[in-house]
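See below for the structure under consideration.
Every number here is computed from the coordinates shown, using simple stated rules; none is lab data. Since the model is a prediction, treat every value here as computed from it, not as a measurement. With ideal geometry, Cβ positions are generated from the backbone for all residues, glycine too; neighbour counts draw on all protein chains shown.
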Amino acid sequence: MNPDIDWVNERVRFRENKKGKMLDNAAGNNKKRKQKKKVMTAHVQKRPVVQIGGQRRSTSQRKKTSATEYYTRGYYSAVSGTTKYITSKQFRRMLKSPKNIECIFVIRPRTEKESGDSGNTVDIDTYRDHPVFPVLLKHKDVFKQKLPTGLPPREHGEHIMEVDTNEAIFRRQWRQSPVQEKVIMDWVRELRSAGLIRHSTSPHGAPTFCVKKPVGWRIVHDYRAMNSHTIRRTLPMPRKDSIIEKMQGAFWYSCLDLLSGYYQFRMRDCDIPFTAFQTPDGAYEYLVLPMGIRRILADLSGICQCYFDDIYIYSKSKDVDDHLESLDRVLTRLEENKFYVKLSKCVFCASEIPCLGDYVGREGVRIDPKKVEVIREWPRPRTRNELQSFLGTAVYVQRFCRDFATNAGVLFDLLKGPVKQKIKWTSELQGHFQALKEKITCTPVLAIADFSKPFGLRMDASDHAIGGTLFQREVRENDVLERPVAFGGRKYKDAEKNYSIREKELLAILFGLRLWRIYLLDKPFIVETDHKSLETIFSQKTISRRIARWYDELSEYPITFRYIQGKTNTVADGISRRPDFVGDSTITLASIITCKQVGEHIEHGIASLMREATDRYCDDPFTSALERILNKTETSDKTQIRHIERYFRQNKQILYQAPSDNQTRLVLPNIPEIIEALLYEFHDSKCYGHPGVERTLRLVEKDYYWRNMERSVRKYVRSCEICQRTKSRNTKPPGLLRSHGIPTARWTHLAVDF
């Protein structure tokens with residue numbers, strides 16, 4: 001069928017053809033009638049609603065039912081709200097039924113509010129088969145879907161604001177879109193009817209705007225100007241790690257979430273004008289605690305030991321009744337003080353609960369799977385701003401990630417420069433990006449720190465970063481199980497890259513001691529390292545100045561060093577040791593070579609250069625004349641070249657035999673690029689290390705000769721930038737400055753200034 005639907009008046013009008021009969025879109029040719037079509041489904045609400053199929057479904061005559069049979073045979077239940085899907089033809093027959101049966105059809109689209117709240121409405125009856133049901137039924141007045149009308153009691157406490165100025169703190173309201181204005185006005189109307197806000201005549205005011213949520217909008221006030229003049233209150237808020245560590249060893253967990261927790265506390269009467277905010281149709285002010293004001297967290301922490309409006313209950317006993325008693329005491333206190341809880345956000349008697357962005361349970365702490373999914377589907381960053389957003393999310397979970405600094409350090413180096421500048425993405429960066437995402441999505445479950453057991457520290461250093469893990473050992477079924485408590489690491493600073501290997505290994509240990517100081521300060525612990533010389537660091541007679549400074553910090557801890565092999569240090573050494581390098585293979589030290597190998601290395605590097613030099617004899621006047629003479633094509637140039645008898649030709653090469661040692665040398669054309677390439681091998685290469693003029697000349701003249709060779713070598717070495725910057729002066733130190741004598745007459749001294 002194809003009815004005309006009036007969404008405003010919620011009516012359905014069926015179209016008629018020219019003959020006055022109702023149109024049936026399901027009717028058609030025989031081929032279309034034989035085709036089996038699916039029925040459209042939609043959300044079924046618990047109300048007297050019949051869900052109508054959008055297309056005709058092929059059914060036999062026996063299965064077709066009338067409206068009377070539909071109700072009498074129990075296809076529809078008004079109590080549970082269940083419905084049966086029927087075809088359009090069955091619906092048409094129901095309308096033609098002669099019996100007085102009234103059918104009500106409500107066809108309307110679902111709103112955003114219904115889409116967001118339909119899954120959040122939870123009733124106590126849903127826990128009927130749960131052990132916690134008697135406790136919830138006893139305290140059913142604590143669980144509300146909306147706060148009661150009116151202000152909360154003053155016994156909850158009043159928020160006090162102290163402002164350091166008498167001037168008006170006002171910010172003009174920003175323009176909003178028509179949709180956002182409607183959302184703000186509906187929200188204001190709802191809070192006014194609940195008695196939580198009122199019209200304001202305050203000289204102060206903060207703008208109001210909307211922030212998009214997955215479903216709907218969130219109303220936000222910009223109280224930054226007011227907060228800049230509000231005096232802080234130094235009452236600490238509970239730390240996340242401290243709350244989680246108190247749950248160590250628990251067996252049953254429950255969590256409660258206060259219903260609009262901020263709105264269950266009142267403002268002090270004289271401070272209400274400070275909460276004024278602007279809307280498109282006027283100014284209002286809060287009678288309860290608004291969100292965004294400074295010092296709110298301090299007041300909440302002073303009223304109850306909780307994190308914002310989250311309350312956690314945990315029991316170490318395996319008996320669920322003991323946990324229910326604790327839960328009953330908490331709900332009793334909430335009921336006595338008229339605090340209300342949102343049931344849809346509560347978890348009762350569970351082995352694991354969501355806690356401050358993580359999941360805490362009997363096995364330990366793990367990352368929220370939703371965060372893992374977000375990081376897994378994160379697209380490749382195109383600008384530094386996008387890369388910074390990704391790294392900010394990744395840093396939040398770095399304590400779960402092994403070898404975090406290995407791949408993140410390379411990505412952090414890209415943040416240098418303009419924020420919106422595009423990144424030149426390479427395959428190497430893509431590899432680090434994918435490796436970091438894989439490490440985060442495959443993180444282990446961390447153990448909750450148990451301060452009654454000893455801790456262990458395992459650290460390692462590589463060429464680019466340091467890192468390691470804090471762990472504890474526990475006994476399970478006669479087996480000793482090592483469980484990580486946290487991972488940590490960072491890349492080197494510029495100066496730290498120049499440290500020796502021993503200093504880098506000790507720097508990694510100091511990083512772990514500073515990061516997990518509270519766990520290691522009280523009881524003796526063992527540091528496992530793959531650098532054996534650190535075992536005797538406390539008994540050495542002489543140490544470097546840097547290690548001497550670190551020695552005072554190390555002596556503060558009851559520390560013991562234990563050596564482990566590098567290939568067994570699979571956790572901390574993962575930063576510097578790839579898996580394919582771990583094994584029984586030996587290590588080849590490329591720095592231990594012989595003099596013969598040095599010569600072979602040089603000859604291999606300049607073999608192609610000598611072939612080029614031989615082919616370019618004709619480009620140099622001196623070697624070109626030698627070629628013509630040795631080839632006996634000219635004889636007039638013999639008198640122009642001294643000691644022509646010392647030159648001879650062999651295999652297309654011109655050789656020179658010196659009279660001092662009768663050693664044969666290869667003659668080279670005096671071409672700048674060839675000479676500079678040859679001198680680079682004998683002066684700048686790692687095999688020689690920038691020798692001086694005389695030594696470089698002796699190295700070159702053993703095998704090579706060209707015209708003005710000494711002059712070329714001297715000019716090349718003296719123009720070497722590295723030698724000028726790093727080599728010490730071999731001249732006498734300059735004398736002290738001496739003042740000139742006092743002139744006795746005019747024109748006896750002359751001073752010139754450049």
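How high is the FRET efficiency between ARG549 and ARG175 when r is their beta carbon distance and R₀ equals 60 Å, given to the nearest 0.05?
The formula returns an efficiency of 0.50 here.
Given 0.36 nm per residue, what is the gain on full extension from ARG239 to ASP368 after removing their alpha carbon distance, in nm?
44.6 nm
Extension gain GLU377-LYS138, at 0.36 nm per residue separation less the Cα-Cα distance, in nm?
81.5 nm
Tell me the net charge near THR441. Cut-off is 9 Å between Cβ atoms, THR441 excluded, with +1 for each Lys or Arg and -1 for each Asp or Glu.
+1
List the trypsin sites (Lys or Arg not before Pro) in segment 127-178 that DSSP assigns to loop (not H, G, I, E or B) and whose Cβ has at most 11 other Cβ atoms within 10 Å. Which are they?
The qualifying sites are ARG128, LYS146, ARG172, ARG175.
Tell me the trypsin sites (Lys or Arg not before Pro) within segment 352-416 that lie in a loop according to DSSP and have at most 15 other beta-carbon atoms within 10 Å.
ARG362, ARG382, LYS416
Segment 411-527: percent of C-alpha pairs farther apart than 19 Å?
More than 19 Å apart: 60 percent of the Cα pairs in segment 411-527.
Can you check what the net charge comes to around PRO280, using other residues whose Cβ is under 14 Å from the Cβ of PRO280 (Lys, Arg +1; Asp, Glu -1)?
Neighbourhood net charge equals +1.
Tell me, what does the Kirkwood hydrodynamic radius of segment 628-754 come to in angstroms if you use every pair of distinct C-alpha atoms?
19.0 Å
With the cut-off at 18 Å, tell me which of the pairs LYS416/LYS493; LYS422/LYS497; LYS240/LYS493 have Cα atoms farther apart than that.
Violating the 18 Å Cα-Cα cut-off are LYS422/LYS497; LYS240/LYS493.
Students often get this wrong, so check it: of LYS439/LYS532; LYS140/LYS213; LYS144/LYS345; LYS371/LYS453; LYS370/LYS437; LYS144/LYS370, which have C-alpha atoms separated by over 20 Å?
Correct reply: LYS439/LYS532; LYS140/LYS213; LYS371/LYS453; LYS144/LYS370.
Please state the charge dipole magnitude for segment 366-438, taken about the Cα centre, from unit charges on C-beta atoms (+1 on K and R, -1 on D and E), reported in debye and rounded to the nearest 20.
Value, rounded to 20: 200 debye.
So if I take the centroid of the Cα atoms in segment 646-702 and the same for segment 135-154, what is the distance between those two points in Å?
The two parts, judged by their Cα centres, are 96 Å apart.
Hey, with R₀ at 60 Å, roughly what FRET efficiency would ASP281 and ALA677 work out to, going by the Cβ-Cβ distance, to 0.05?
My answer for the efficiency is 0.15.
With label points built 7 Å along Cα→Cβ from the Cα atoms of ASN337 and ARG616, find their separation and express it in nm.
Roughly 8.8 nm, to one decimal.
Sort LEU736, LEU699 so that the residue with the fewest other Cβ atoms within 10 Å of its own Cβ comes first and the one with the most comes last.
LEU736, LEU699
Give the residue list of chymotrypsin sites (Phe, Trp or Tyr not before Pro) in segment 678-735 that are DSSP loop and have at most 15 other beta-carbon atoms within 10 angstrom.
TYR688
Local charge sum around ASP328 (other residues, Cβ-Cβ under 15 Å, Lys/Arg +1, Asp/Glu -1)?
-3
Which of rounded, prolate or oblate describes segment 143-246 when judged by the alpha-carbon gyration tensor and an a/c cut-off of 1.5?
Note, shape of segment 143-246 comes out rounded.
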